[in-house]
Amino acid sequence: MATLEDIARFLGLSKRAVRLRVTALGETLEDYMSRGTRNRLIFRGEAVAILRRLEELRQREGLPIRKAAERLKGELSGEIGPSGMFFVVQTELEATVLKDVIRELCNERDHWREYALALQAVLPDSLRWLTQISPVVPGDCRLN
């Protein structure tokens, strides 16, 4: 699952540009999208692959977004070109998005771990017992 921001970052586009592509594809993406918290768009792997294929068509063939969307719809329906071609790429795209998300989460985790260690260093003696209930090393899985 990927958010609009994830796809924008992955494709190297703005969120507005991704929205334009989603609008151009219309019903093609409906089965692969849902709404999350605060009405955020959530895209399944298939949607990521379809959007990637649209961008590939647009850049490689120099097509406007609407023309590339029409051609992609034809590919997906089997009328034009090899059908299902985008599914071969899907796993790679999904893996790349997931790697980016995991990297961000690891950075955030490391930030908060460093913050907790800094707080522990300035604890007064009366509160030193708090260091005994929290993980002190990355391998400690009591609270991870």
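Any read-out appearing in this document is the output of simple, stated calculations on the displayed coordinates, not a laboratory observation. Owing to the predicted nature of the structure, the values given are computational and were not obtained by experimental measurement. Note: ideal-geometry Cβ built from the backbone for every residue, glycine included; neighbour counts use all protein chains shown.
Here are some notes:
- Positive contributions from Lys and Arg (+1) and negative ones from Asp and Glu (-1), summed over other residues with Cβ under 10 Å from the Cβ of Arg44, come out at -3.
- Here's the list of aspartates and glutamates a cross-link from Lys67 could span, going by alpha-carbon distance under 17 Å and ignoring same-chain residues fewer than 8 apart: Glu27, Glu55, Glu56, Glu75, Glu79.
- Theoretical FRET efficiency, 1/(1+(r/R0)^6), r = Cβ-Cβ of Arg128 and Lys99, R0 41 Å, to 0.05: 0.55
- Extension gain (nm, one decimal) between Ala121 and Met1, 0.36 nm per residue minus Cα-Cα: 39.3 nm
- Two-site label geometry, Gln59 and Lys15: point separation in nm, points 7 Å out along Cα→Cβ: 2.2
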